[in-house]
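First the structure, in the form of structure tokens, and then the observations on it.
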Amino acid sequence: MKKMSKEDFQSKITIDNFIDSIWLEQGLSKATLDAYRSDLSGLENWTIKKGFTLINISRADLLDYISERAKNGSSSRSSARMLSSFRRFYGYLFHQELIVSNPTEKVSMPKIGRSLPQIISEEQVLRLIKAPIAKKPLGCRDRTMLELLYATGLRVTELVKLKKNQLNLNQGFIRVVGKGDKERLVPIGTISQRWLKKYLDTAFHEIIGDRQTDYLFPTKTSDAMSRQAFWQMIKKYSKKADIEVHLSPHTLRHAFATHLINHGADLRVVQMLLGHSDLSTTQIYTHIAQARLKDLHEKHHPRG
């Protein structure tokens, strides 16, 4: 076994100290800390092969490493994450006065293309929504949540934290408090309205019993459902509905926006309904709609 040099030993100690430091200061998750360690260990192994260490790496060396990784198939997103790790690490070393200059200074982040969210078809949405057994109290609650989510495009956090006083069944609107505490009124649609009335008249009272709650969709303990619990619910019903597409917690929000645009909705109206502060955020759904139209054209047109 090759004996570790003093410089190699120092860099090992430095990585450990850095990981300990950010864990103590920010309480980051194990997965995040492991990602930092993996990025830095990869760079460290490369520097050893090149004959120097993490401590004396130059800006040119760092760029060579990132470039080499990109040539070997590393995505721009992966490169950006690595560079973010390196910036924090060398910022820590500079602050600790272990280096005299920061090699990550003036190194630009690679441009990352916005990835398109996974979208399910209208037929798949219908199967997903119908998956809960609505005759049971929790099944009725789940069906109503899915109906409302698809009808409104709410964020999952907005849905699970909805309170009864935010709902106006007579007018057919809900008052949503979104990011930055911004309020918006969102129509709920006639089908969703029907399910909400049925749910509030029956299943809601069976779920909470004698307890009191302000939440529209409480758990059996009258608390708000967590995002994680809702995500598990989506996975359970997608499996039951034989939907093989990988779903995210925001699948129905994405489907809401895309299907609206597919049916001719104005982009600015969709922006308002989603609560996007910037139209550019909403424009991603036009790309999805265009891609869907292209697929349909190629599949069904005789000369597609």
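Since every read-out is calculated from the coordinates, none of them should be taken as a lab result. What you see is a predicted model; the values in this text were computed from it and never measured. With ideal geometry, Cβ positions are generated from the backbone for all residues, glycine too; neighbour counts draw on all protein chains shown.
Protection proxy ranking for 20-27, 54-61, using the average of other Cβ atoms within 10 Å per residue and placing the highest first: 54-61, 20-27. With kT/(6 pi eta Rh) evaluated at 25 °C and eta = 0.890 mPa s, and Rh the Kirkwood radius from Cα pairs, the range 6-95 diffuses with a coefficient of 182 µm²/s according to Stokes-Einstein.
Given their separation in residues at 0.36 nm each and the Cα-Cα distance between them, R59 and A35 gain 6.5 nm when the chain is fully extended.
Backbone amide hydrogens, once placed in the peptide plane, bring M225 within less than 5 Å of T219, excluding anything fewer than 5 places away on its chain.
Once a ≥ b ≥ c are taken as the square roots of the eigenvalues of the Cα gyration tensor of the range 118-172, is the result rounded (a/c under 1.5), prolate (a/b larger than b/c) or oblate (a/b not larger than b/c)?
Judged from the Cα gyration tensor, the range 118-172 comes out oblate (a/c at least 1.5, b/c at or above a/b).
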